[in-house]
Amino acid sequence: MFFTATSTRHGAATAKRVAYGLKRLVVAALACASLATYAADPQVAAFNDTPDPVPAGGEVTYGVRVDNNGIDASLNTLLSVFVPPGADFVSAAPAGANCVFTAPNVVCALGSVAQGGADVRNVIVVVRAQGPGPATLNLSATVSADNDTNPANNTQTQTTTVISGANLALAKTGTPNPVVGGANVSYTLTPSNV
């Protein structure tokens, strides 16, 4: 049995509409698939400092919490903490955060952060406040990922007040001075805040 196709003006127009509709359907499906692979939303959920204020010469500990609000894991997730002039980098933890200090930033390679806010990463960065106070330290924490769809929540800032710290001195005097060999000597220690 043989079938023959008859091309008519009406049939050709219908075929074009069907082909156009299929083309749009394929484009829409590809767009949805593309969006599904880029649906991560890592964020700096918290950024705090302690102590605040800090005396000049003292250490400040900054806690950064990173999570992911998206429906997919964030890929190649990096946390960068800017250490400003007036502060010296001391340390970063935990070791699993893979943090490296390359002035003026502490960069932590967090890798893949799971979706839905359940995979919380806490990073601790310690800096020493240089003197003298009064002054402020303005740090920022920024997260990025290859598939981040919402950069609006990627950065938080923290301002720490640096106050004039104690400048302690200790004076020591001995009596009698000079002392005869074998005799007793008394020492007086006098502390002061200069």
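What is the set of long-range amide H partners of residue 91 at a cut-off below 5 Å, with H atoms built 1.01 Å from backbone N?
HN-HN under 5 Å from residue 91: 126.
At a 1.4 Å probe radius, carbon and sulfur cover how many percent of the accessible area of the range 65-194? Don't skip to the answer; put the middle values down first.
Working: 4140 of 7400 Å².
In the range 65-194, the share of accessible area belonging to carbon and sulfur is 56 percent.
If you take every residue apart from residue 117 with its C-beta less than 12 Å away from the C-beta of residue 117, what net charge results, scoring Lys and Arg +1 and Asp and Glu -1? Walk me through the numbers before you get to the answer.
Values: positive: 65, 121; negative: 41, 67, 119.
Here the count lands on -1.
Relative contact order (percent) for the range 36-79, with alpha-carbon contacts under 8 angstrom and 6 or more residues of separation? Don't jump to the answer; show the numbers that get you there.
Working: 61 pairs, mean separation 22.4, N = 44.
51 percent.
Within the range 140-159, list the residues whose amide N lies under 13 Å from a label point set 7 Å along Cα→Cβ of residue 82.
From the range 140-159, the list is 140-143, 155-159.
By per-residue mean of other Cβ atoms within 10 Å, what is the highest-first order of 107-114, 180-187, 131-138?
107-114, 131-138, 180-187
Can you give me the accessible area per residue for the range 36-194, using a 1.4 Å probe, in Å²?
53 Å²
The values are calculated or read from the model by the stated rules, or taken from the named source; none is laboratory data. Here the structure is a predicted model, which is why all the values come from computation and not from measurement. Methodologically, a virtual Cβ is constructed for each residue, glycine included, from the backbone with ideal geometry; neighbour enumeration extends over all protein chains shown. In case anyone asks, the SASA skips ligands and DNA or RNA and just uses the protein heavy atoms, side chains included. Shrake-Rupley method; radii C 1.70, N 1.55, O 1.52, S 1.80 Å.
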